[in-house]
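The structure under discussion appears below in the form of structure tokens.
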């Protein structure tokens with residue numbers, strides 16, 4: 001006596017006669033055209049390589065030094081002028097100050113202004129022996145015609161310290177790509193630096209070569225600043241390479257916000273720096289089904305500054321930032337081709353002399369952020 | 001001439017990109033692979049695509065067929081692996097809430113089972129939830145053990161047993177229901 005399951009097995013193993021005739025034609029066509037599985041997996045790889053090359057070319061174009069001197073923000077060195085020496089400021093002026101950095105933009109909107117004291121006062125009263133130097137007296141040597149009663153926004157705009165910019169940058173893109181490919185474990189093992197608000201004394205001083213209130217190293221209670229974690233949203237695409245591996249790229253918009261508080265001014269000033277980034281990442285999708293993908297990956301990203309402003313004053317464009325990154329995320333698939341992702345990212349920003357503005361990523365080269373956006377899946 | 005080739009010779013000719021041999025391989029195995037794909041995936045369109053992909057991949061990798069075991073057995077493994085990957089990738093592993101897998105429905109007799117039309121039986125199997133259908137196919141039809149199924153699907157052996165019990169219960173209910181309707 002046969003068990004019911006054996007009878008079911010016999011039924012199910014019988015060839016189905018409903019195989020359509022046109023299937024053979026399709027079989028021959030696909031075989032002849034080479035549209036087989038191997039080609040299916042190599043084609044996305046070609047697309048991914050093309051995308052990577054295009055991203056590299058775009059990065060090169062954006063990285064090249066500007067031809068016109070008025071492009072972008074620049075830092076120039078200026079020697080302190082003699083007006084500084086007429087002041088009896090033995091307890092104020094740093095003895096080792098040989099040069100003074102002044103962040104200066106060559107466009108009229110971002111020209112730095114002296115901070116607090118009328119230049120005329122210093123010039124007109126050079127021989128007063130009892131000149132009281134207060135904390136808000138500065139040794140800024142900006143041209144007298146640019147003196148102003150009101151402190152300039154540019155004076156407390158957050159330019160990163162010279163010492164940080166003077167580091168020799170020997171990491172190039174090629175090295176970065178190699179590190180990106182194999183460095184996920186190292187990235188994950190890195191300690192995250194907490195974002196704390198710092199006082200100017202802790203942060204920038206003339207000893208550091210900083211341009212915070214140039215001319216004094218005694219900022220006292222003048223103020224503080226803090227950087228907020230960036231907000232990152234994007235449109236992304238993942239190109240399937242193998243069953244589990246995919247190359248993820250796209251466009252990501254990042255907003256870096258910093259808050260500046262200064263007792264000299266009423267209220268706070270907020271700096272916004274806008275970046276458009278192109279990430280290129282190799283992702284391993286270890287959980288995948290109709291609705292959900294969970295993945296981890298590593299790669300690199302180029303962030304190109306679209307513009308910056310502090311309160312309502314435009315600061316121009318800052319230099320690009322290149323980061324090695326490791327990410328792990330979750331993607332909710334609305335359809336086979338479209339999903340919404342949320343991914344925590346750990347990144348390391350490569351040092352660069354071309355960046356001038358101080359942002360969260362300059363403060364924390366090892367940076368943790370959370371990106372979200374829409375993703376198109378290709379080749380799935 | 002190609003109809004008389006044994007499996008080893010046919011594989012050899014296919015590896016030399018002989019178009020006639022490829023056509024013969026299609027003629028011999030397409031319907032069986034299609035049937036297999038259909039019972040795993042439960043619908044014709046997906047089954048047709050998967051069958052084509054399986055045969056194309058088999059032809060691409062025909063050099064790897066060593067002659068151990070039947071050629072169909074080798075192609076069948078490719079098809080099953082592809083079907084499982086397809087199910088894992090495209091289907092949500094959600095099954096109706098049915099905590100009580102143990103059933104009191106009596107086993108259908110041979111006469112009762114044979115009385116059910118084959119189309120009906122196929123239809124009931126296609127209608128099973130993805131995971132139940134996959135486990136039922138792997139265990140009852142393709143002869144895999146619960147240990148192997150657990151490895152293939154990334155579930156526990158107990159889970160595989162439980163899912164199979166639910167699939168069997170659901171099919172027995174269908175058979176019983178059909179028999180009762182016929183008796184009226």
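What the table below lists for this structure:
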| read-out | value |
| --- | --- |
| Criterion violated by residue B:150 - all others in (1) touching a residue at least 12 places away in the same chain (Cβ under 8 Å); (2) under 21 Å from residue B:85 (Cα atoms); (3) surrounded by fewer than 19 Cβ atoms within 10 Å (Cβ to Cβ) satisfied | (1) |
| Condition check for residue A:248: at pLDDT below 90 and assigned to a strand (DSSP E or B) | no |
| In region A:269-287, residue farthest from the other protein chains (Cβ to nearest Cβ) [restricted to those that are surrounded by fewer than 20 Cβ atoms within 10 Å (Cβ to Cβ) and under 16 Å from residue A:375 (Cβ atoms)] | A:282 |
| Matching helices (runs of 4 or more DSSP H) fully within region B:103-184 where at least 3 residues are facing chain A (nearest Cβ under 9 Å) | B:110-115, B:118-126, B:157-183 |
| Residue count for region B:13-30, restricted to those that are assigned to a helix (DSSP H, G or I) and more than 27 Å from the chain's Cα centre (by Cα) | 3 |
| Evaluation of residue A:311 against (1) within 30 Å of residue A:261 (Cα to Cα); (2) surrounded by 15 or more Cβ atoms within 10 Å (Cβ to Cβ) (one fails), failing number | (2) |
| Test: residue in region B:71-78 that is more than 25 Å from residue A:33 (Cα to Cα), in a helix (DSSP H, G or I) and under 13 Å from the mean Cα position of the chain (by Cα) | yes |
| Qualifying positions in region B:46-67 - within 9 Å of chain A (Cβ to nearest Cβ) and more than 22 Å from residue B:7 (Cα to Cα) | B:47, B:48 |
| Whichever residue in region A:340-380 is part of a strand (DSSP E or B) and touching a helix residue (DSSP H, G or I) at 6+ places or on another chain (Cβ under 9 Å) and, among such residues, is surrounded by the most Cβ atoms within 10 Å (Cβ to Cβ) | A:347 |
| Strands (runs of 3 or more DSSP E) lying entirely in region A:275-337 (those with 1 or more residues that are within 15 Å of residue A:247 (Cα to Cα)) | A:292-310, A:321-333 |
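Conditions tested, residue by residue: (1) modelled with pLDDT of 90 or more; (2) more than 7 Å from chain A (Cβ to nearest Cβ); (3) touching a strand residue (DSSP E or B) at 6+ places or on another chain (Cβ under 7 Å).
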{"residue": "B:44", "(1), (2), (3)": "no, yes, no"}
{"residue": "B:69", "(1), (2), (3)": "no, yes, no"}
{"residue": "B:81", "(1), (2), (3)": "yes, yes, no"}
{"residue": "B:91", "(1), (2), (3)": "no, no, no"}
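For every residue, the table says whether it meets (1) more than 30 Å from residue B:173 (Cβ to Cβ); (2) more than 7 Å from every other protein chain (Cβ to nearest Cβ); (3) out of contact with any helix residue (DSSP H, G or I) (no Cβ under 6 Å at 6 or more places or on another chain); (4) modelled with pLDDT under 75.
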residue: A:1; (1), (2), (3), (4): no, no, no, yes
residue: A:6; (1), (2), (3), (4): no, yes, yes, no
residue: A:10; (1), (2), (3), (4): no, yes, yes, no
residue: A:16; (1), (2), (3), (4): no, no, no, yes
residue: A:25; (1), (2), (3), (4): yes, yes, yes, no
residue: A:28; (1), (2), (3), (4): yes, yes, yes, no
residue: A:32; (1), (2), (3), (4): yes, yes, yes, no
residue: A:35; (1), (2), (3), (4): yes, yes, yes, yes
residue: A:41; (1), (2), (3), (4): yes, yes, yes, yes
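The values are calculated or read from the model by the stated rules, or taken from the named source; none is laboratory data. Everything numeric here is computed off the predicted structure, so don't read it as measured data. Every residue, glycine as well, gets a Cβ built from its backbone with ideal geometry; the counts of neighbours run over all protein chains shown.
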